[in-house]
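The values are calculated or read from the model by the stated rules, or taken from the named source; none is laboratory data. All values reported here derive from a predicted model rather than from experimental measurement. Ideal geometry is used to build each Cβ from the backbone, glycine not excepted, and the neighbour counts take in all protein chains shown. Just the protein is used for accessible areas: all its heavy atoms, side chains included, with ligands, DNA and RNA removed. Shrake-Rupley method; radii C 1.70, N 1.55, O 1.52, S 1.80 Å.
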Amino acid sequence: MMSVVGAQPFIKPMQTSPSVSPGIQRRHTLPASEVRPLNTQDAISVFEIEREAFISVSGECPLHLDEVRHFLTLCPELSMGWFEEGRLVAFIIGSLWDQDRLTSDALTLHKPCGSTVHIHILAVHRTFRQQGKGPILMWRYLQYLRCLPNVRRAVLMCEDFLIPFYRKSGFKVLGRCAITVANLTFTEMWYPISGHAYMRRNSEAIRFPQHPLTLPLAKTDEQVDL
């Protein structure tokens with residue numbers, strides 16, 4: 001997995017009071033900020049962000065367009081997109097895996113009975129980087145995974161210079177990853193998913209992924225450059 005890139009513990013719809021009377025509100029106004037699962041209609045936007053982020057840096061994309069569509073068809077509930085005024089600005093794509101360590105099969109397969117979420121990619125649109133969106137979206141994604149009763153951990157692979165970033169998000173180093181891409185090597189990292197019972201009791205407050213969610217941005221969110 002590669003990446004270019006203090007809040008409330010659950011993602012809840014933002015409740016706002018209308019500034020004008022209901023009879024004269026503007027129609028079709030897009031929410032200022034929302035987070036929701038991705039679908040195949042988002043695939044091109046996802047790939048455009050990914051291609052710009054990775055081709056210029058490493059010459060390789062973690063997921064090609066057909067692979068993006070593949071995972072958004074098989075397991076859209078393991079994706080998360082951050083939209084501002086309807087525009088995709090950051091995203092995560094994951095799938096399920098059923099082994100202790102990642103192998104080359106993990107790059108293309110989704111194992112529905114697995115208890116490990118393999119995070120394939122986290123990317124932020126170039127005009128929205130250096131605003132802390134990567135860490136915020138990862139935090140919310142990991143909190144969401146706590147709602148999934150069969151998920152016990154998340155894993156990813158990253159280049160060594162990204163290890164400090166993922167450590168700040170709570171990931172721990174597993175060791176050198178067996179997967180190589182062209183001349184790139186990776187470190188495998190993992191994150192324990194705990195607190196399932198507590199999160200399930202509060203899952204009605206989340207309602208994800210059935211309904212789009214607004215994403216309130218608290219001033220206390222930690223701003224990490226990515």
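When we screen SER17, SER45, SER95 for residues that are at pLDDT 95 or above and not in a helix (DSSP H, G or I), the only hit is SER95.
Residues in the stretch 133-168 that are open to solvent by less than 30 Å² (accessible area, probe 1.4 Å) and assigned to a loop (DSSP other than H, G, I, E, B) were compared, and the one that is nearest to GLU188 (Cα to Cα) is VAL151. Output yes when any residue across the stretch 173-193 is over 20 Å from ARG51 (Cα atoms), out of contact with any His (no Cβ under 8 Å at 6 or more places or on another chain) and assigned to a helix (DSSP H, G or I), and no when none is. Among the residues of the stretch 173-193, not one is over 20 Å from ARG51 (Cα atoms), out of contact with any His (no Cβ under 8 Å at 6 or more places or on another chain) and assigned to a helix (DSSP H, G or I), which makes the answer no. Within the stretch 112-132, the set of residues being open to solvent by 10 Å² or more (accessible area, probe 1.4 Å) and over 16 Å from LEU145 (Cα atoms) comprises HIS125, ARG126, THR127, PHE128, ARG129, GLN130, GLN131.
Among the listed residues SER104, SER79, SER95, identify the single one that is farther than 17 Å from PHE54 by Cβ, open to solvent by 50 Å² or more (accessible area, probe 1.4 Å) and not charged (D, E, K, R).
SER104
If you go through the stretch 54-76 and keep only what is open to solvent by 30 Å² or more (accessible area, probe 1.4 Å), of a type outside the set (Lys, Arg) and at pLDDT 95 or above, you end up with ASP66, GLU67, HIS70, THR73, LEU74, PRO76.
Checking the stated criteria, CYS177 turns out not to satisfy the condition of being open to solvent by less than 20 Å² (accessible area, probe 1.4 Å) and under 16 Å from the mean Cα position of the chain (by Cα).
Scanning the stretch 98-130 for residues that are over 16 Å from HIS64 (Cβ atoms), in a loop (DSSP other than H, G, I, E, B) and touching a helix residue (DSSP H, G or I) at 6+ places or on another chain (Cβ under 6 Å) turns up just one, HIS125.
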